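Taking it in order: structure first as structure tokens, then the write-up.
Computed from the coordinates by the stated procedures, all read-outs in this text should not be read as laboratory data. As the structure is a prediction and not an experimental result, all values here were calculated from the model. Here the Cβ is made from the backbone with ideal geometry for all residues, glycine too, and neighbour counts use every protein chain on show.
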Amino acid sequence: ALSPSEFEAWVQQLFRSRGYFTQNTPDSGDHGVDLWVVSPQGERAIVQCKRYRGVVSESVVRELYGVMQHEAAPRGFLVTTGSISAAAGHWAQGKPIELIDGPRLSLLASGQVDPPEPLAGKGNAVDV
């Protein structure tokens, strides 16, 4: 299994493979920002990586949104190896947050998601 730092590096490579410019943050004192990314269209975003076996709760998504506000990031990604609770998915609806759960992460990594270049979808894609 990957360590949290190794998982962040793996997610960083996944974003790079989709044409994003990426910058990793220090492991300690990152204030909730694991990666800064810039899309091929020039949109800045922050990424939180959660290497979980369980369920990501609504509080984690709320925390990400607070970090986005603090950092003036127009978009956020929550990437997890686990699943995302229904409450978290509902809370994120209508906000510029992309939720990427374990099953979707596997599809992205294998190149089975359309369109292949961006990671952002048409909404907050979650499998609940």
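For segment 1-104, the dipole from Cβ point charges (+1 on Lys and Arg, -1 on Asp and Glu) about the Cα centre works out to 260 debye, to the nearest 20.
Any idea what log10 I(q)/I(0) is at q = 0.13, 0.16, 0.21 Å⁻¹ for segment 1-91, Debye with uniform C-alpha scatterers and no solvent? Treating every Cα as an identical point scatterer, log10 I(q)/I(0) equals -0.41, -0.63, -1.09. In this structure the amide hydrogen of residue 98, modeled in the peptide plane, comes within under 5 Å of the amide hydrogens of 76, 77, 78, none closer than 5 places in sequence on its chain.
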